[in-house]
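The structure appears right after this line, and notes come after that.
The values are calculated or read from the model by the stated rules, or taken from the named source; none is laboratory data. Small disclaimer: the values here were computed from a predicted structure and weren't measured. Here the Cβ positions follow ideal geometry from the backbone for every residue, glycine too, while neighbour counts run over all protein chains shown.
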Amino acid sequence: MEALDSAVELTAVTKHYAHGVTALDNVTIGFGRGTFTAVMGPSGSGKSTLLQCAAGAGTIVGIAAGFALFIAVFVVSSTFAFAVAQRRREFALLRTVGATRRQVRRMVYGEAGFVAVVASALGASAGPSAAGPTLDWLAGLGMAPSWLVPSTQTWPVVTAFATGVVVALAGVAVAARRAGRVHPAEAMREAAI
């Protein structure tokens, strides 16, 4: 294997999955520039895992997931911070009639939880049917490998649903605390005209 002519090189790659399954064990291979390479073998021999490692799919997925999580928390927290600021007088009125800080916080968490469950359910149910056309589109643009296919397992849907709810509740934490800190006297302030 010539280092200068290789477009992609894998050196001593090992990949283990759950239940003690080893897909790749100390594999070293190079794919030359301008050449076609056939990766063949029986089912379960590690062909797909080899291609995923060569494409860096694990790294790309991790970076994309982290970025999506950051954006989701940021959007949720910004939205609820704005909503709490707009409803400050309402929270003050609730505090005036006897609502505790904890009750106001729980109300904001409850609203976020309800919206998160509904939105996550819609997203988790629409995701599997949108995954195929989206992957085809990305493959057509050269942004995803053509061999990548959507999963038919249920765990991605369950994980997406749970992640959506957890991210929403994490994003609303600061806004809920701010809502609970509203003083009852703020209900008496005159509205700006």
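VAL104 fulfils the conditions (1) in a loop (DSSP other than H, G, I, E, B); (2) touching a Lys or Arg at 6+ places or on another chain (Cβ under 7 Å) except for a single criterion, (1). Taking the condition surrounded by 15 or more Cβ atoms within 10 Å (Cβ to Cβ) and in contact (Cβ under 8 Å) with a residue 40 or more places away in the chain, does VAL157 pass? It is false that VAL157 is surrounded by 15 or more Cβ atoms within 10 Å (Cβ to Cβ) and in contact (Cβ under 8 Å) with a residue 40 or more places away in the chain. Among the criteria (1) surrounded by fewer than 17 Cβ atoms within 10 Å (Cβ to Cβ); (2) of a type outside the set (Lys, Arg); (3) assigned to a helix (DSSP H, G or I); (4) in contact (Cβ under 8 Å) with a residue 24 or more places away in the chain, the one GLY110 does not fulfil is (4). Each residue in region 79-99 was checked for being outside any helix (DSSP H, G or I), without any contact (Cβ under 8 Å) to a residue 12 or more places away in the chain and either surrounded by 11 or more Cβ atoms within 10 Å (Cβ to Cβ) or in contact with a strand residue (DSSP E or B) (Cβ under 9 Å, 6 or more places away or on another chain) (or both), and 1 pass.
Give the residues of region 136-192 that are more than 23 Å from the chain's Cα centre (by Cα) and outside any helix (DSSP H, G or I), sorted by residue number. Passing the criteria: ARG181, VAL182, HIS183, ARG189, GLU190, ALA191, ALA192. Number of residues in region 69-78 that are over 13 Å from the mean Cα position of the chain (by Cα) and without any contact (Cβ under 8 Å) to a residue 24 or more places away in the chain equals 1. Just one of the listed residues (GLY123, GLY132) is in the same structural domain as ARG181 (by TED's automatic domain parsing), modelled with pLDDT of 90 or more and either out of contact with any Lys or Arg (no Cβ under 6 Å at 6 or more places or on another chain) or exposed (fewer than 14 other Cβ atoms within 10 Å of the Cβ) (or both), and it is GLY123.
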